[in-house]
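Here the structure comes first, spelled out in structure tokens, and everything after it is commentary.
Where a number appears in this text, it was derived from the coordinates with a stated rule and is not lab data. All values reported here derive from a predicted model rather than from experimental measurement. Here the Cβ positions follow ideal geometry from the backbone for every residue, glycine too, while neighbour counts run over all protein chains shown.
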Amino acid sequence: MTRHFICIALIALAIGCDKNNSSSNAGNSSTPSVKLQLNWKPEPEFGGFYAAKDSDAFDKHGVTVDIVEGGAGTPTVQMVAAGKVEFGIVSADELVVSRSNGADIVALFAAYQTNPQGIMTHAEKGFKDIADIFKSEGTVAMQKGLPYSNFLEKKFGFDKVKIVPSPNGDLSVFRTDPNYAMQCFVTSEPIAAKHAGLNVKTFLIADAGYNPYTTVLVTRGDYLKANPKIVQSAVDAVKEGWEAYLKDPTATNSAMQKLNPTMDAQTFADSAEAQKPLIETDDTKKLGVGAMTSERWQALIDQLADLKVIEKKPSPVECFREAK
């Protein structure tokens, strides 16, 4: 589950936003058909989308959605920007970078209110917070050059630690080196490590102050303007799907496992449980699941500008559509 660490690096190579490719299915049939491109394989982080499909919520809201699984390096932002798909799943920092580069991408729904990116360490190290990792000599496996890495380097410095490439979820070195820490998703690698009998402690990067929304449903601005009813139908169904999945993920997990048999049933269940506090927060209690705020987007934009990740600041109101 390291795709978000990879995807934002691809934005610099983004294919142009060809507005002439904008494809509206409205009017072609009584039930418009659209594609939703994921940035990874079927796993609990996409549970609400699959729940919306399996429960016929999409059909109930009048739209047929083909969910297309992704993989490492799937250029979801570019695919949406180029009109290859109507909807995609990205992270908020990817969207801001994309908009800064001229792509008209708009966020519609943010499943993860708290970003699941973290650093996993051996519990025996006794670290109390993420700062302790960078105060101690050791090795940190992470992908340098991405916004979260730039943030950590600016805040804590990398003078005492050796930064090596991410193992992309492989626990081989972690098993044998007690001074080795690695980037992770708190809903993935720590669960795999515990299942392997390792005693780990994980620190969310969000707790250090870098917390972009992720598992964000997006579309193009021109598609939204041309097809507001289709977009609203999709969002309504997605919200319904996530509410159902958070209440009981069992059936949807079973359906996703058939599509992704590399993840066992227990890991599906553990991951679904681990992500709940990242999805249900004080904001969602007030505003509803998937909601976003202008303040959060502005804070992220300012951070990315401060980190020199973007030169041009997009307006936060251009980045997302408020929930209806």
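Over the residues of the chain, the helix contribution to mean residue ellipticity at 222 nm works out to -11500 deg cm²/dmol, using -39500 (n - 2.57) for each DSSP H run of at least 4.
In this structure, the amide hydrogen of G169, modeled 1.01 Å from its nitrogen in the peptide plane, lies closer than 5 angstrom to no residue at least 5 positions away or on a different chain. Subtracting the Cα-Cα distance of A269 and K125 from 0.36 nm times their residue separation leaves 49.0 nm of extension gain. Once the GluC sites (Glu not before Pro) in DSSP loops with at most 11 neighbouring Cβ atoms within 10 Å are cut out of the chain, the longest remaining piece is 138-310.
Remark: for residue pairs K144/K247; K41/K276; K135/K247; K160/K286; K225/K285, the C-alpha separation exceeds 31 Å in K144/K247; K135/K247; K160/K286. Under a Gaussian network description of the chain, with springs only between Cα atoms under 10 Å, the residue in A234, A181, A226 that fluctuates furthest is A226. Taking amide H positions as modeled 1.01 Å from N, with prolines and chain starts lacking one, the residues under 5 Å from V200 and 5 or more places away or on another chain are A123.
Structure remark: mean-square fluctuation, Gaussian network model of the chain, C-alpha springs under 10 Å; the largest value among S100, S30, S271 belongs to S30. Only one item in (i) 62, 58, 35; (ii) 80, 44, 38; (iii) 62, 45, 35 matches Cα extents along the principal axes in Å derived from the coordinates shown, and that item is (iii). Report the local net charge at G288: Lys and Arg +1, Asp and Glu -1, summed over other residues whose C-beta lies under 13 Å from its C-beta. Taking every other residue near G288 into account, the sum is -3.
Mind telling me which of T202, T284, T252 comes out most flexible in a GNM of the chain, alpha-carbon contacts under 10 Å? Ranking T202, T284, T252 by mean-square fluctuation puts T284 first. The calculated FRET efficiency for the pair K324 and I163, based on their C-beta separation and a Förster distance of 35 Å, comes to about 0.20.
Each residue of segment 308-313 was assigned a 3J(HN,Hα) from its phi angle through the Karplus curve 6.51 cos²θ - 1.76 cosθ + 1.60 (θ = phi - 60°); the sequence is 6, 6, 10, 9, 9, 8 Hz, with glycine and proline shown as x. Taking amide hydrogens as placed 1.01 Å from N in the peptide plane, the amide H of T74 sits under 5 Å from that of no residue at least 5 positions away in sequence or on another chain. For segment 189-270, what does the alpha-carbon gyration tensor say about shape, rounded, prolate or oblate, given a ≥ b ≥ c as the root eigenvalues, a/c under 1.5 as rounded, and a/b over b/c as prolate? Oblate. Give me T114, T214, T281, T262 ranked fewest to most by other Cβ atoms within 10 Å of their Cβ, as a rough exposure proxy. Listed from fewest to most nearby Cβ atoms, that is T262, T281, T114, T214.
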